[in-house]
Amino acid sequence: NDDKMYSEMAPMLDRIESQRQALKQQMRVLADNDRMRREFTANITHELKTPLTTISGYAELIAGGMVADEADLRDFGHRIHREAGRLTALVNDILTLSNLDEAERSDSETSAAVLGTTEPIDIPRMLESIRQRLEQLAERNEVSFIMDTKPAMVMGVARLLDELAYNLASNAIRYNLPGGTVTLGCGMDEAGRPYIQVIDTGIGIAPEEQQKVFERFYRVDKSRSKARGGTGLGLAIVKHAAVFHGASIDLASELGMGTCITVTFPVQQFPAM
Ligand code: ADP
């Protein structure tokens, strides 16, 4: 009878229903990915167009003989140069992100081909080189460095780890306050995991923004980011470079007090020499 038939069919119906739910969930994920991809493309287009508009505007004035004054001419030249620099930074960051995207979806051989080979990296030495490259930016912002580096080695892609730490350090300078400090730290935690830590005494990030800042092109304050030479992709690169190295990111921040970002790597195994 009906009751018997139903009780026999019930487990099958349950299975079908749970498969249907799983499929719906997969479709939601795919739709989300698709939406993010379209948003990213729209953002890129916008971000590229803005400097291009400025560049062609000034170039047109100069080419049209509209700029008679020598000082104006030089000023316009500087502006064109600055916008071209912004474009270069943007294109480089977009390229790095797309390489990281590709590497995440492929095997280790392919990812080595797009990103570079994995080798033992001396983290204190890398942080020292970053400090040197950022010395001028720090001086311009009236910010000083504190080095707090203890021995730490990570198996990683040199260029990516450098970019990860460089982006964190340059943010720590750009979102700091005059007289502030940036601490570049590294070492091994109590579980034997290497970490990189960047601490600043800057403007801080509100709790509701702390997840969003890792999204592509997300900026808390758009004008401040641009005025300070940001592409809006720095922390997205940090996040993906961390994922690529199996590292986790911890962000602690308080508005008006400063920010501390710690990237912790898994326990390392080095190939025998
Ligand atoms: P940007 O190029 O705009 O600096 P990022 O991806 O590096 O892009 O950072 C995203 C946003 O997160 C920045 O625009 C800024 O608002 C905020 N942010 C990043 N680092 C810090 C920091 N150390 N202190 C305060 N705000 C920060």
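Per residue, the accessible area of the chain comes to 60 Å², computed with a 1.4 Å probe over protein heavy atoms only. Pairs of Cα atoms in the chain fall into 5 Å distance bins, from 0 up to the last occupied one, in shares of 1, 5, 10, 13, 14, 14, 12, 9, 7, 5, 4, 3, 2, 1, 1, 1, 0, 0, 0, 0 percent. The convex hull defined by the C-alpha atoms of the stretch 4-52 has an orientation-averaged projected area of 3.0 nm². Taken about its Cα centre, the stretch 95-216 carries a charge dipole of about 280 debye when Lys and Arg each add +1 at the Cβ and Asp and Glu each add -1 at the Cβ. Farthest toward the positive end of the dipole of the stretch 166-222, out of Gln210, Ile173, Pro194, is the Cα of Ile173, where the dipole comes from beta carbon charges about the Cα centre. Look at the Cα gyration tensor of the stretch 78-220: its axes a ≥ b ≥ c give a/c of at least 1.5 with a/b at or below b/c, and that counts as oblate. Largest GNM mean-square fluctuation across Leu235, Leu115, Leu30, computed for the chain with C-alpha springs under 10 Å, falls on Leu30. Dipole of the stretch 18-170 computed with +1 at Lys/Arg Cβ and -1 at Asp/Glu Cβ about the Cα centre; of Thr96, Val29, Asn43, farthest Cα towards the positive end is Val29. Over the chain, Cα pairs under 8 Å with separation of 6+ residues give a relative contact order of 16 percent.
The residue list Thr53, Ile146, Ala112 was ranked by how far each Cα lies along the charge dipole of the stretch 33-147 toward its positive end, using unit charges on Cβ atoms, and Thr53 comes out on top. Which residue fluctuates the most in the chain, going by a Gaussian network model with Cα springs under 10 Å, if the choices are Glu47, Glu83, Glu109? Residue with maximal mean-square fluctuation among Glu47, Glu83, Glu109: Glu109.
Pairs from the list Lys24/Lys239; Lys4/Lys24; Lys212/Lys239 with a Cα-Cα gap above 19 Å: Lys24/Lys239; Lys4/Lys24.
The values are calculated or read from the model by the stated rules, or taken from the named source; none is laboratory data. Everything numeric here is computed off the predicted structure, so don't read it as measured data. Ideal geometry is used to build each Cβ from the backbone, glycine not excepted, and the neighbour counts take in all protein chains shown. Ligands, DNA and RNA are stripped out before the accessible areas are found, and what is left, the full protein with its side chains, is counted by its heavy atoms. Shrake-Rupley method; radii C 1.70, N 1.55, O 1.52, S 1.80 Å.
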